[in-house]
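To start, the structure itself, in structure tokens.
Rule-based calculations on the coordinates, nothing more; no lab input. Small disclaimer: the values here were computed from a predicted structure and weren't measured. Cβ sites come from the backbone with ideal geometry, for glycine too, and all protein chains shown count toward neighbours.
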Amino acid sequence: MTGTDGHGAAETVDFLSEGWLAAVQVRLAAWPESEVTLALICDYADWLGIVDGYDIGKAMTYHRLPISVGTALDLLKVVYFVYELLGVMAGVPAAYRSPVAA
Amino acid sequence: MQPQQSAVDVGDEQISHSDLEGFSKIHIDEVIEYVNSGLRSIPPPLDLYRRYLRQRWDVYELDFTQDRIDWAERMTDDELDVFQRVASGFHHGERNVEAELPTFMMGADEEDKVFISSHLEDEARHTVFFDRFFTEAVGLDEGSLMDVLDSSYELRSNAGPGVTGLLSYVSDELAKDPYNPRNRVRYATIYHLFIEGVGALSTMKITPGYCRRRGFLPAYYKGFTATCRDEARHVQYGMGFLQDSIRKAPALAEDVYEMLRTILDMNSANGNQASFEVLGLNTEEVRRFNIVQLTRKLADVGIPLPSDLQEVINRMYPEVTGG
């Protein structure tokens, strides 16, 4: 586990023990409770499924990502704000050039 | 001398009493108008339940043999693509409302519970209808209901979780506090008013209209048109519930507006821009029909349309969903 940030307890965790979940990195952010306005929870098996490519829209519709803090209306507004943001970014005519090895 | 019945009244009577076979002779547009005309006078829940007992149809009476031939041999690739995107929106919409309706039943009055039990059975039957269509006509791999839903999920034209995802979360909130009037009004706004009264009604004409013009998919046409008639009872009940709730507590109108603002924010996502031209329907015409349906539903509930909502409504896309 490494790192902290301004909120004191954010951590990047590499789950490498015994080889399980070896490819997954999870960022745990312990925000002060009073500052959290929206949070979802997920059980471990469902989280693994999402990491493995299970459609997150389906996970939301099938109650696999319930809200623990916040409201349904706030959540969906945020989801679609991000969705549109990504759509706008994808529409920018720019290409990423991979660094060429020396 | 008996008063002369208008043409609409005669049509309504025929639609109201049609059996499954009879739907092959009824135009889908007439059934959509039947749904709207039913809102002029809303019957109490037990009357709607009696009507359900008379109108219930058997989804296993449908024979998809000709539909399978039409699908495999007579439709173009472009038609198949758009058709299954629209049908998939309904498939998932029907499954979603079937799964989420019990939470609304929990806090309902006893008469309402009786009607909602019939409403729930309707939605289950509609889900089986689309399951049969996708397995027997389209030829998706047969398996469990969820296997078929998973196969048709990728075909949807909606961006992200859509209104089905929002309904699941609204349903979670209602389950935590099922008697809360604000929760119930928000639920009825997304489900009865928007999904059933606006989205489904506006896009229901797309695939059956195509079937009727081309003479294709006879079992799909009959089942879908019968499904549309069932929606009349659901929309009538939901509009009655919202009217009654807001009459008792006018401040609840703000919950209707807030839900609609969220839905319309989601609706404006670029990924929702579906086109139906290939099925013979002008997409702009469907979009305008969507706007008319939403405006009419707010008038049916008896609340004015705020100017900010009017602006967003004027830009909305057709919402392909069923309920």
Handout entry: Separation in nanometres of the label points that stand 7 Å from Cα toward Cβ, at residue A:36 and residue B:145
Key = 3.4 nm
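Quickly rank B:275-287, A:72-84, B:78-90, B:215-227 as a protection proxy: mean count of other C-beta atoms within 10 Å, highest first.
Highest mean packing first, the order is B:215-227, B:78-90, A:72-84, B:275-287.
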Practice task
Give, as ranges by residue number, the residues of the stretch B:127-169 whose backbone N falls under 19 Å from the point 7 Å along Cα→Cβ of residue B:214.
Solution key: B:130, B:133-140, B:155-157
Exercise for the section: Select from B:34, B:179, B:49 the residue whose mean-square fluctuation is largest in a Gaussian network model of chain B (Cα-Cα springs shorter than 10 Å). Expected result: B:179
Exercise for the section: Working from Cα positions, state the angle (0 to 90°, nearest 10) between the long axis of helix B:77-106 and the longest principal axis of chain B. Expected result: 40 degrees
Practice task
Over the whole of B:165-178, what's the average partner chain Cβ count within 10 Å per residue? Rounded to a whole number, please.
Solution key: 4
Fill in the blank from the handout: Expressed as a whole number, the average count of other chain Cβ atoms within 10 Å around the Cβ atoms of A:63-70 is 2
Practice task
For the protein assembly as shown, report the translational diffusion coefficient in µm²/s to the nearest whole number, using Stokes-Einstein at 37 °C, 0.692 mPa s, and a Kirkwood Rh over Cα pairs.
Solution key: 142 µm²/s
Problem - Table column - 3J(HN,Hα) (Hz), the stretch B:44-56, Karplus curve with 6.51, -1.76, 1.60, x for Gly and Pro - result: x, x, 5, 5, 5, 5, 4, 5, 4, 4, 7, 9, 4
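Equivalent-ellipsoid semi-axes (√(5λ), Cα gyration tensor) for the stretch B:29-321, whole Å, largest first? Let's see the in-between values first.
Values: eigenvalues 176, 92, 61 Å².
Value: 30, 21, 17 Å, ordered largest first.
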Fill in the blank from the handout: FRET efficiency (residue A:56, residue B:46; Cβ distance; R0 35 Å; to 0.05) is 0.25
Completion exercise
The alpha-carbon center of the stretch B:220-247 and that of the stretch B:176-194 are separated, in whole Å, by 16 Å
Completion exercise
About its Cα centre, chain B carries a charge dipole, from +1 on Lys and Arg Cβ atoms and -1 on Asp and Glu Cβ atoms, whose size in debye to the nearest 20 is 820 debye
Fill in the blank from the handout: For peptide B:259-267, the mean count of other chain Cβ atoms within 10 Å per residue Cβ is 3
Fill in the blank from the handout: Taking a ≥ b ≥ c as the square roots of the Cα gyration tensor eigenvalues, with a/c under 1.5 meaning rounded and otherwise prolate when a/b beats b/c or oblate if not, the stretch B:35-178 comes out prolate
Practice task
Report the FRET efficiency, 1/(1 + (r/R0)^6), for residue B:21 and residue B:288, where r is their Cβ-Cβ distance and R0 is 35 Å, rounded to 0.05.
Solution key: 0.55
Fill in the blank from the handout: Taking every alpha carbon pair in the stretch B:109-226 and sorting the distances into 5 angstrom bins from 0 up to the bin holding the longest one, the percent per bin comes out as 2, 9, 13, 20, 22, 16, 10, 6, 2, 0
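On a 32 Å Cα-Cα criterion, which of the cross-link pairs A:77/B:248; B:25/B:248; B:113/B:205; A:77/B:205; B:205/B:248; A:77/B:25 come out too long?
Cα-Cα > 32 Å for B:25/B:248; B:205/B:248; A:77/B:25; rest within.
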